[in-house]
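The values are calculated or read from the model by the stated rules, or taken from the named source; none is laboratory data. This one's a predicted model, so the numbers in the text were calculated from it and none came from an experiment. Quick reminder, even Gly has a Cβ in these numbers, built from the backbone with ideal geometry, and neighbours come from all protein chains shown.
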Ligand SMILES: Cc1ncc(COP(=O)(O)O)c(C=O)c1O
C-alpha cells in the first residue's frame, strides 16, 4: 500500500477503453479482472439491466425464485453437458466454496462417512475465501494463512518451460499422471479432485497439455472420486471454447462459472451439478440432507437478466468463432515477444496470454525486483495507453473477449513497447 499514494479514478468505460477523471484513455488489457466480454457500456447489456431494474431489483431465493434466474439456470444446464441443476452465488470464490461443500456433503448424504479429503493441483487458484484458498495455493497470496487452511493432497502440473532434468515433456506429463493415479488408487478417503479447467490462470498461465485433464477425469471415475472443475476464468470463451471441459473431453460432477457469466457487468456466479449429486440432496426434512448455504444476493434478478442477455449475444454474434479468429493475432507476435531479452516463455490459448519474465534466459531465473513488477508495468502501460496487470513475474494479457483484431493488435504492440521500456526498471 505504501507504494501507491493515489489511484486513478475511472469515470467511464466505452468499448474496450477505460477513461479516467482527467480524460486519459486506457485499453482494457485485463478485461476488468478477466470478466469483460463485450467491452464497456454495451447498449444491449445496459438495456437488460435497466429493464429488469424497473421490474424487480432483488428478491430472496429462500423459499422463492424469480423469472430471470430460472431462465438463466435452464440456459446454463442446456449448454453444460452432463449438468442438471444450478446453485447461484455472487462471486467466483463463493461458487467454489459451494462446489467444495456440495462435494463433501454428497458423500455424507449417501452414507460414506470416510470420504473427506480433497485432491488438487499445486499452484491452483480458486478464490480468496478460506475454502477456496485451501484447495488452491499460490504462495505469494496465501502463505500468511497457511496454518488456517485445511489440508489437501496436491499434485504437480507439467510445466513445459520447466521440465525436470532427464525427462521429455511427454515423459514428464505421464510421470505426473502416474503419480496422481498411484496416490488416488491407494486412498479411499478422497471425496473430490478440484482443479481449474483447461489452464491455471492466476498460478502463472499454465496451459495443460492435451489429454492431461481428460486423464484426471478418468482416474476420478475409476476410483470413485468426484471431479470438480473451476471454469470461472477459463470457460465462456476465454480459452477459445464456450465450455472448456467439453474441449478437454472431461465431464465433471460439479462445475463453477463466474466472471464472464454476466458479460462482466454485475456480480454473479453459478455452481452446477450433475443429477447424481443433486439427487443425493433429496430427502425428507428430518433426513437433513439439504445444503445449508445461501447468500443474500443469490440469484439476483438484475444480474440474472444481464447474464441472459449476455448468453443471447454469444449466440447472436457467434462469439466463440470470432474469438478463435481474433486470438490468432497473438500468434503473430510470438517471435517478437520471445526475442526480448527478459522474456523467458510465452504461453497462449484463446484470449489469454502469459509472458514470463526472467533475468537470465538460459537459467530461466524468474525476475524478483525490489519494487513491485505490477506497479512498474501498470505505470509504463498507462504511458502507452494500456491497462496492464502482472501476476508475479508474468505479464498477463486477458482482453475483453469481443475485442477487434485491430484493438488486439494495438494491445499486443503496446505491451511489447511497455516490456521494452519497463525492462531497465525491473531487472
Ligand atoms: C480460476 C478462478 N477461480 C475462482 C476465482 C475467484 O473469483 P472471484 O474473484 O469472483 O471471487 C478466480 C478469480 O480470479 C479464478 O481465476
Taking first residues from segment 371-385 that are outside the structural domain of residue 342 (by TED's automatic domain parsing) and second residues anywhere that are surrounded by fewer than 16 Cβ atoms within 10 Å (Cβ to Cβ), the pairs with Cβ under 6 Å that are 6 or more apart or on different chains are none
Practice prompt. For residue 239, indicate whether it is in contact (Cβ under 8 Å) with a residue 40 or more places away in the chain, in a helix (DSSP H, G or I) and either within 12 Å of the ligand (Cβ to nearest atom) or surrounded by fewer than 20 Cβ atoms within 10 Å (Cβ to Cβ) (or both).
Written response: no
Next item on the list: Might you let me know whether segment 168-186 holds any residue that is more than 16 Å from the ligand (Cβ to nearest atom), under 21 Å from residue 102 (Cβ atoms) and not assigned by TED's automatic domain parsing to the domain that holds residue 352?
Entry: yes
Kindly indicate whether any position in segment 248-257 is surrounded by fewer than 19 Cβ atoms within 10 Å (Cβ to Cβ) and at pLDDT 95 or above. yes
In the set 93, 6, 75, the lone residue that is more than 16 Å from the ligand (Cβ to nearest atom) and at pLDDT 95 or above is 75
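Listed residues 270, 202, 191, 233; which is in contact (Cβ under 8 Å) with a residue 60 or more places away in the chain, within 13 Å of the ligand (Cβ to nearest atom) and assigned to a strand (DSSP E or B)?
One residue alone meets the criteria, 270.
So which of 289, 214 ends up being assigned to a helix (DSSP H, G or I), at pLDDT 95 or above and more than 12 Å from the ligand (Cβ to nearest atom)?
When all the criteria are applied, what remains is 214.
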Within segment 4-26, the residues that are exposed (fewer than 14 other Cβ atoms within 10 Å of the Cβ) and without any contact (Cβ under 8 Å) to a residue 24 or more places away in the chain are 5, 6, 7, 9, 11, 21, 22, 23
Determine whether residue 106 is within 16 Å of the ligand (Cβ to nearest atom) and either modelled with pLDDT under 95 or assigned by TED's automatic domain parsing to the domain that holds residue 292 (or both). no
Picking from 399, 369, the residue that is assigned to a loop (DSSP other than H, G, I, E, B) and within 30 Å of residue 242 (Cα to Cα) would be 399
- Task: Return a yes/no flag: does segment 112-120 have any residue that is within 16 Å of the ligand (Cβ to nearest atom) and touching a strand residue (DSSP E or B) at 6+ places or on another chain (Cβ under 9 Å).
- Result: yes
**Prompt:** Before we move on, is residue 311 buried (at least 20 other Cβ atoms within 10 Å of the Cβ) and farther than 20 Å from residue 28 by Cβ?
**Reply:** yes
